[in-house]
Amino acid sequence: MSLIKTDAVVLKVNDYSESTRLVTFLTPDHGRLRALAKGVRRIRSRDRGTLEPFSRVHVTLYLKDPAGLGTLRESALLSTCPVLRRDYHRWVLASLVFESLDRATLPATDLHTLFDLICAYLDEINTTPQPVETTLAVLAALLEWHGFRPDFARCGLCGGGEPFVGFRVDKCSVVCERCAGGPHFIPLPPGSLKAFEHLASAGIRGLGALRLSAPQLDQICSLLVALLQYHLEITLTTARMLHV
Ligand SMILES: [Zn+2]
């Protein structure tokens, strides 16, 4: 059995029994960890308010096996994301990011880069005037972190150049007019492809004053959800709640 002390982001909290909650954490050194927090459902438990999704915490927990279920000993709140409690639209956007993380990260892995990215995202989503653009940029970064970098330079089927008329989800690439079609083809206007390229390359803190139109945001969001679901082999139920 090992004792772990680590900073963490709370990804998910489920009721486990009358007085116990099952908390899923994202940690920089130990990947995605799950731990039982005993007694926190009782009123006046001092951990109660700290163990909510989107909170950053410092936790101490016992873990028998790196991929197993730990037992939470202590948690201290480092910061919360207050805007997500009162802004439903931002809450849904952040939930989509957190569902992607929960479905696609593993225990006992080094997640430093991803952890820093998510902490930066929580800071941004709390204040940015561009919550949708910021969320799409972080989803693109998450896809790239998993090894799937969208290719905007040449057609993913024939290798040809512009003009491109859409995206092939299975190839993670733009495609030319001749290669359009097929089961994984999503048609997109050139402006939306350029906007997606900018979001994917700028990162969440390089967006500047970028503001995309509602149709562009919708198209890019649908495409990113399709890419994450196909390549990471996950289902994102939050996507159904989202009308960007
Ligand atoms: Zn082609």
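The values are calculated or read from the model by the stated rules, or taken from the named source; none is laboratory data. Remember, it's a predicted structure, so these values are computed and weren't measured experimentally. FYI the Cβ positions are ideal-geometry reconstructions off the backbone, even for glycines, and counts take in every protein chain you see. Protein only, heavy atoms only, side chains kept; ligands, DNA and RNA dropped before computing areas. Shrake-Rupley method; radii C 1.70, N 1.55, O 1.52, S 1.80 Å.
Quick notes on this one:
- Cα gyration tensor shape for region 40-160, rounded if a/c is under 1.5, else prolate or oblate: oblate
- For region 56-73, putting each phi into the Karplus relation 6.51 cos²θ - 1.76 cosθ + 1.60 with θ = phi - 60° gives couplings of 9, 9, 10, 10, 10, 9, 9, 9, 6, 9, x, 9, x, 8, x, 10, 6, 9 Hz, in residue order, rounded to whole numbers and with x for Gly and Pro.
- Table column - 3J(HN,Hα) (Hz), region 184-199, Karplus curve with 6.51, -1.76, 1.60, x for Gly and Pro: 10, 8, 10, x, 9, x, x, x, 6, 5, 5, 5, 5, 4, 5, 4
- GNM result for the chain, Cα springs below 10 Å: residue of Leu232, Leu36, Leu157 fluctuating most strongly: Leu157
- Cα lying deepest toward the dipole's positive end in the chain, options Ala141, Pro28, Val225, charges on Cβ: Pro28
- Lysine pair count for the chain (Cα-Cα distance under 27 Å; residues 8 or more apart in sequence or on different chains): 6.
- The distance separating the Cα centre of region 196-216 from that of region 109-156 comes to 11 Å.
- Close amide H pairs (under 5 Å, H built 1.01 Å from N) link Phe167 with Val175, Ile186, Leu188, residues at least 5 positions away or on another chain.
- Cα-based shape type of region 101-210, given that a ≥ b ≥ c are square roots of the gyration tensor eigenvalues and the cut on a/c is 1.5: oblate
- Carbon/sulfur fraction of accessible area - region 2-79, other protein chains in place, 1.4 Å, %: 43 percent
- For region 133-211, the dipole from Cβ point charges (+1 on Lys and Arg, -1 on Asp and Glu) about the Cα centre works out to 40 debye, to the nearest 20.
- Shape of region 83-127 from the C-alpha gyration tensor: oblate (a/c of 1.5 or more and a/b not above b/c, with a ≥ b ≥ c the square roots of its eigenvalues).
- Karplus (6.51, -1.76, 1.60) ³J(HN,Hα), θ = phi - 60°, over region 170-182, in Hz, Gly and Pro reported as x: 5, 8, 6, 8, 5, 9, 7, 4, 5, 9, 4, x, x
- Accessible area of the chain divided out per residue, in Å², using a probe of 1.4 angstrom: 48 Å²
- Relative contact order of region 83-241, defined on C-alpha pairs under 8 angstrom at six or more residues apart (%): 25 percent
- Cut-off under 5 Å, modelled amide H: who pairs with Gly31 long-range: Ala108, Thr109, Leu111
- Protein accessible area in region 160-244, 1.4 Å probe - carbon and sulfur %: 53 percent
- Within region 6-111, DSSP assigns beta bridges of which about 90% are antiparallel (rounded to the nearest 5).
- Approximate shape of the chain as ellipsoid semi-axes (Cα gyration tensor, √5λ), whole Å, largest first: 37, 19, 14
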